[in-house]
1. Considering each residue of segment 89-119, count those that are within 15 Å of Leu73 (Cα to Cα) and either polar (S, T, N, Q) or open to solvent by 30 Å² or more (accessible area, probe 1.4 Å) (or both), and give that number.
2. Is it true that Gly167 is within 30 Å of Thr5 (Cβ to Cβ) and not aromatic (Phe, Trp, Tyr)?
3. What number goes with the only condition from (1) of a type in the set (A, V, I, L, M); (2) touching a residue at least 40 places away in the same chain (Cβ under 8 Å); (3) within 28 Å of Ser21 (Cβ to Cβ) that Ala101 does not pass?
4. Which one of the conditions (1) assigned to a helix (DSSP H, G or I); (2) open to solvent by 60 Å² or more (accessible area, probe 1.4 Å); (3) free of Cβ contacts under 8 Å to residues at least 60 places away in the same chain does Leu7 fail to meet, given that it meets all the rest?
5. Write out, first by first residue and then by second, each pair whose Cβ atoms fall under 9 Å of each other, whose residues are 6+ apart or on separate chains, and whose first residue, in segment 137-164, is assigned to a helix (DSSP H, G or I) while the second is hydrophobic (A, V, I, L, M, F, W, C) and open to solvent by 100 Å² or more (accessible area, probe 1.4 Å).
6. Out of curiosity, is Ala127 over 21 Å from the mean Cα position of the chain (by Cα), of a type in the set (A, V, I, L, M, F, W, C) and more than 21 Å from Ser14 (Cβ to Cβ)?
7. Within segment 120-134, can one find any residue that is crowded, with 18+ Cβ neighbours inside 10 Å, of a type in the set (Val, Ile, Thr) and touching an Asp or Glu at 6+ places or on another chain (Cβ under 9 Å)?
Amino acid sequence: MTSTTLLVLAVGASLAYANGSNDVSKGIATLVGSGVTDYRRAVAWGTAWTGLGALLGVVLASAMLATFGNGLLTPAAMSDSVGTLAALAGAAGWVLLATRAGLPVSTTHAIVGSLVGVAAWGYGVDAVKWGALGGKVVLPLLASPLASLLITRVLLQAIRRHRSRSGEL
């Protein structure tokens, strides 16, 4: 392995660490705060499920990898290991900083922002496939809360109808 490859792997590992340090605490806090378990069991539970999620992510995330890997940027912007390193470092730095400051943060958003920022800055704004970014990333981010609200409303109405017919309140 070259030193550049090792550096990219090390920075990628720091992004994985940042993601884990941010995400696993949410599940642990919920388990402990609700009184389901003590913090030691919650940490073990969070570690196990985060590890399993990472493994499943490797297996099941081919569509997301295709989007990030060749769907958002032109081939010229994807061919440089320095750009890859900059994108990983930017995302890892942002997630670590936001986590340390107690700010809500999404690792996925940090990666997308970092990729787009590195491509636009290093290769020009034409290196970003803006239509793909809008259709594959921005639109789903905007539509998913609305879809969730709609689905929740439909389910609540169905539950209320069922309860009123069965005499439950």
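1. 6
2. No, not satisfied.
3. With (1) of a type in the set (A, V, I, L, M); (2) touching a residue at least 40 places away in the same chain (Cβ under 8 Å); (3) within 28 Å of Ser21 (Cβ to Cβ) applied to Ala101, the lone miss is (2).
4. Every listed condition holds for Leu7 apart from (3).
5. Matching pairs, first to second residue: Arg163/Leu169.
6. Spelling it out, Ala127 is indeed over 21 Å from the mean Cα position of the chain (by Cα), of a type in the set (A, V, I, L, M, F, W, C) and more than 21 Å from Ser14 (Cβ to Cβ).
7. no
Yes/no per residue for (1) surrounded by 13 or more Cβ atoms within 10 Å (Cβ to Cβ); (2) under 18 Å from the mean Cα position of the chain (by Cα); (3) at pLDDT below 80; (4) not in a helix (DSSP H, G or I):
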residue	(1), (2), (3), (4)
Val11	yes, yes, no, no
Ala29	yes, no, no, no
Arg40	no, no, no, no
Gly51	no, yes, yes, no
Val58	no, yes, yes, no
Ala63	no, yes, yes, no
Phe68	yes, yes, yes, no
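The values are calculated or read from the model by the stated rules, or taken from the named source; none is laboratory data. Here the structure is a predicted model, which is why all the values come from computation and not from measurement. We place every Cβ from the backbone using ideal geometry, glycine too, and count neighbours over all the protein chains shown. Surface accessibility is based on the protein's heavy atoms, side chains included, excluding ligands, DNA and RNA. Shrake-Rupley method; radii C 1.70, N 1.55, O 1.52, S 1.80 Å.
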